[in-house]
Amino acid sequence: MGEASAEQNRPVSRVRGLRQRRVPSGARTIDHRVKVTPEQEARLLLLAAPRGITVARLLVESALAGGADAANNRAEFRDELYRITRLLGKVSVNINQIARATNATFEEQPDTVAAIASLGRVTARLEQLLADVEQAGA
């Protein structure tokens, strides 16, 4: 195994319990200093803490994404999409199990209606999320 692949397989390092994201192009070579008041520092820490990132990462993401609200919205969208994906996987496994049992016994399974209703709810949730994203982008 070469050094490059060993570097890619290393876990993300942690600084004071916060995630430090890897930069694909290698080391960061430019350093910016920003001076803030103690009140501003407190606000920045409050914004960064729930996302588990440093203040420096918050500032970079916020500036590049169009502001703190845009960066936060992106993070919330990503988290919600992840939750919906996991839920869709669970519902799919359930429907697959029902289909196997139905094919084996040729009898309707008691959970069929509830599983299909769950699939409808997950689909509606995904459609609402996509509509919210489209509306926010307009």
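Quick grid of which residues meet (1) in the same structural domain as Ala117 (by TED's automatic domain parsing); (2) under 22 Å from Asp132 (Cβ atoms); (3) modelled with pLDDT of 95 or more; (4) surrounded by 13 or more Cβ atoms within 10 Å (Cβ to Cβ):
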site: Ser25; (1), (2), (3), (4): no, no, no, no
site: Asp31; (1), (2), (3), (4): no, no, no, no
site: Thr37; (1), (2), (3), (4): no, no, yes, no
site: Leu47; (1), (2), (3), (4): no, yes, no, yes
site: Thr54; (1), (2), (3), (4): no, no, no, yes
site: Asn73; (1), (2), (3), (4): yes, yes, no, yes
site: Phe77; (1), (2), (3), (4): yes, yes, no, yes
Checklist outcome for this item: Residues in the stretch 85-94 that are surrounded by 15 or more Cβ atoms within 10 Å (Cβ to Cβ) and either among the β-branched types (Val, Ile, Thr) or closer than 17 Å to Leu47 by Cα (or both) total 1
Item to check | Selection count where residues are within 18 Å of Arg83 (Cβ to Cβ) and aliphatic (A, V, I, L, M), scope the stretch 112-135 | outcome: 8
Checklist entry - What are the residues in the stretch 88-109 that are within 30 Å of Leu129 (Cα to Cα) and hydrophobic (A, V, I, L, M, F, W, C), if any? => result Leu88, Val91, Val93, Ile95, Ile98, Ala99
Checklist entry - What is the number of the single condition among (1) among the small types (Gly, Ala, Ser); (2) at pLDDT 95 or above; (3) loosely packed, with under 15 Cβ neighbours inside 10 Å that Ser118 does not meet? => result (3)
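The values are calculated or read from the model by the stated rules, or taken from the named source; none is laboratory data. What you see is a predicted model; the values in this text were computed from it and never measured. Note that we place each Cβ from the backbone using ideal geometry, even for glycine, and neighbour counts take in every protein chain shown.
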